[in-house]
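Each remark here refers to the structure printed beneath this line.
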Amino acid sequence: MILQENDDLRTTIEVNAGEYLREIEKICMEQADRHSFPTHECAVCGSSENIGSVEVNSMKLQGPRKIPVCNECRSYLESSSVEDLLRSLKKRGSFQWTMVVAHNIRKTNWISRLTFEVMRE
């Protein structure tokens, strides 16, 4: 519910929470689809060695999308989603999970947001 005051006039506008949240998610997906990652570093962990590209799936995207990744991340992403990769790295407590978190600090892209969502799980 949004209240708007104008002198002595108050207006109440009712907003359906479900519709509002779906619209926000749609906007986030559109932004994620437009975001481009630097081609010289892995979009997931930040490595600059052996960079190629792989088509990924994510709940943050409207459909499959190619992103630059290192060989290590690519080997995981060829058979799983970005979310599954991040959860697997977190569960193992690997050094690569530390690299992913460090790489995504203070970034505003969809992989960064997803990384911190997985970290809070």
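The values are calculated or read from the model by the stated rules, or taken from the named source; none is laboratory data. This one's a predicted model, so the numbers in the text were calculated from it and none came from an experiment. With ideal geometry, Cβ positions are generated from the backbone for all residues, glycine too; neighbour counts draw on all protein chains shown. Keep in mind that these areas ignore ligands, DNA and RNA; they rest on the heavy atoms of the full protein, side chains included. Shrake-Rupley method; radii C 1.70, N 1.55, O 1.52, S 1.80 Å.
Where only protein heavy atoms count, and the probe is 1.4 Å, what is the accessible area per residue for region 55-121 in Å²?
55
Evaluate the distance, in nm, between pseudo-label points positioned 7 Å from the Cα of Asn71 and of Ser53 along their respective Cα→Cβ axes.
Placing both labels 7 Å along Cα→Cβ, they lie 2.1 nm apart.
Can you give me the solvent accessible area of Met59 with a 1.4 Å probe, rounded to the nearest 10 Å²?
100
Using a 1.4 Å probe and counting only protein heavy atoms, arrange Arg22, Arg74, Arg92 so the residue with the most accessible area comes first.
From most accessible down to least: Arg22, Arg92, Arg74.
Got a sec? What order do Thr108, Thr98 fall in by accessible area at 1.4 Å, biggest, i.e. largest, first? Numbers along the way, then the final one.
On the way: Thr108 120, Thr98 80 Å².
Most to least solvent-accessible, the answer reads Thr108, Thr98.
How big is the charge dipole of region 29-121 about its Cα centre, in debye rounded to the nearest 20, if each Lys and Arg gets +1 on its Cβ and each Asp and Glu gets -1 on its Cβ?
Around 260 debye, computed over region 29-121.
Quick check: residue separation of Asn16 and Lys90 times 0.36 nm, minus the Cα distance between them. What number comes out in nm?
Result for the pair: 23.1 nm of gain on full extension.
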